[in-house]
1. What pairs can you find where one residue is in region 264-293 and within 13 Å of Ile121 (Cα to Cα) and of a type in the set (Asp, Glu), the other is at pLDDT 75 or above and not in a helix (DSSP H, G or I), and their Cβ atoms are less than 9 Å apart, with a gap of 6+ or different chains?
2. Evaluate region 101-122: report whether one residue or more is among the small types (Gly, Ala, Ser), surrounded by fewer than 22 Cβ atoms within 10 Å (Cβ to Cβ), touching a residue at least 40 places away in the same chain (Cβ under 8 Å) and not in a helix (DSSP H, G or I).
3. Would you mind listing the helices (runs of 4 or more DSSP H) fully within region 177-255 where at least 1 residues are within 16 Å of the ligand (Cβ to nearest atom)?
4. Would you mind stating whether Ile162 is buried (at least 16 other Cβ atoms within 10 Å of the Cβ), within 14 Å of the ligand (Cβ to nearest atom) and assigned to a helix (DSSP H, G or I)?
5. (1) over 18 Å from the mean Cα position of the chain (by Cα); (2) surrounded by 19 or more Cβ atoms within 10 Å (Cβ to Cβ); (3) over 29 Å from Asn414 (Cα atoms): which one isn't true of Ser9, the others all being true?
6. Listed residues Leu59, Leu79, Leu117, Leu68; which is farther than 29 Å from Lys237 by Cα and out of contact with any Gly (no Cβ under 6 Å at 6 or more places or on another chain)?
7. Inspect region 299-309 for any residue being out of contact with any strand residue (DSSP E or B) (no Cβ under 8 Å at 6 or more places or on another chain), among the small types (Gly, Ala, Ser) and at pLDDT below 95 and give the result as yes or no.
8. Anything in region 134-192 that is of a type in the set (D, E, K, R) and over 22 Å from Ile322 (Cα atoms)? List them, or say none.
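The values are calculated or read from the model by the stated rules, or taken from the named source; none is laboratory data. Everything numeric in this text was worked out from a predicted model, so none of it was measured. Cβ coordinates were reconstructed from backbone atoms using ideal geometry, including for glycine residues, and neighbour counts include every protein chain displayed.
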Amino acid sequence: MEKDRAQWSSHVSFIIATVGSAVGLGNIWRFPYIMGKNGGAVFLITYLLLIAFICVIPLCCELAIGKLFKTDTVNAFKLINPHFKWFGWLCILTVLLIPCFYFVVGGWILNYIWIFLAHHIPQSFGDYFTSYSAQIFMPCFLTLTFLIMTAIFPYRGVNNGIEKANNIMMPIFALMLIVLAIFAIMQPNAVKGLEFMFKPDFSQFNKSMILTALGQALFTLSIGMGALITYGSYMKKDTNIIKSAYTLIFFDTLIAVLAGVMIFPIVFSFGLEPAAGASLVFISLPEIFSKLPYPSLFGVIFFILLFFAAITSGISIMETSIASFIENFHISRKKSTIIVSIIIAFISIPATLSFGILKDFKILNRTFFDFLDYATSNILLPINTLIICLIAGWCIKSFYKQVTDNIWLQRIFNIVLKFIIPLILIPVLIYGL
Ligand code: PFF
């Protein structure tokens, strides 16, 4: 058991760690291709509105629950009401399923870093990616390697592992992103890419886009699975929740938009398809890097950037279940990290193989990998978020005081949490299902 609960050593470290959790594959791999498939600027506007006015509320809720109860996700809900313990476990189930596809992508990233470093650049990345991801040994080995690399940090503890990893990796990540974005906008047809991102074509708007934007917003902000309850529980008493939430939103959105600015000008300059889907980052972009004067340089920078983004998020994903296992099964941090890693390893292997020998194994018409992505982002996250808001709004007495001292803000929060969020989330969920 963790007797003395750890605390972030400073407010800046807390912000860097939560931004590290939020900024991940969701921003650099998922956001650009989802935006590409959903019409560019209109999607961006829908997404921004959802984030600024809707998602900020559950984000504050999670941080406030963490700050108030100073414990893991399962115990936090148990303390609110013993009947809610099951919901804590539902969050843990969600956060155990996410790495099972997330770390598969982490494994692909490691492979790409290697091929660019070793100058083993294939003729066609399309053929290469299809044949590589269909293999058995190497992708599984690298998924597990990524899992172990991530697990090392929570294994070493909050201050020595998680905080240090974020404090080092996030600034390097930001620097690399800025360099690549500047390079991208210097490309000949960059304006077209920027137009695609920022000039809305409202005929592209449709209802299913709202669910997709909501799923993406929740996923990218790490809402709806207790990650922010866990990180919030290491927060200092005097931390301002609303300010922290908007700081997190600001950086997460800035980085997602910068990722778009890095990717779309390149895509348009080289005449590629913006709606290429999940393969955008693993086929289209490397194809372009391989045609540049220093292919390995750009390739290596890009995939290391992606690696840092993925690992800092992966750490928070693992920490959420590790913290809950420690508190609920009364085991040490090290044991808990090992158990969580074994569970993730078992589920992520079939997900890795779903591009090859298991590609015909389908759940709800989706491969296992796609099913995990869909079930967590589009179903579990919105459901969990709704329940978190309802519990926070209706069942925690002093809840609003935790969020802010301002009476008017408390009132607005109260109405939005109790009525507006359910009114928005329930129809969106029903429509989505
Ligand atoms: N927010 C991360 C991303 O955008 O890649 C993903 C994530 C992190 C999901 C932490 C869940 C989590 F607990």
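1. Between residues of region 264-293 that are within 13 Å of Ile121 (Cα to Cα) and of a type in the set (Asp, Glu) and residues that are at pLDDT 75 or above and not in a helix (DSSP H, G or I), the close pairs are Glu287/Ser124; Glu287/Phe270; Glu287/Leu272.
2. No, that holds for no residue.
3. Answer list for region 177-255: 207-220, 227-233.
4. So Ile162 fits the description; yes.
5. (2)
6. Leu117
7. Yes, region 299-309 has at least one match.
8. Lys192 - this is the single residue of region 134-192 that is of a type in the set (D, E, K, R) and over 22 Å from Ile322 (Cα atoms).
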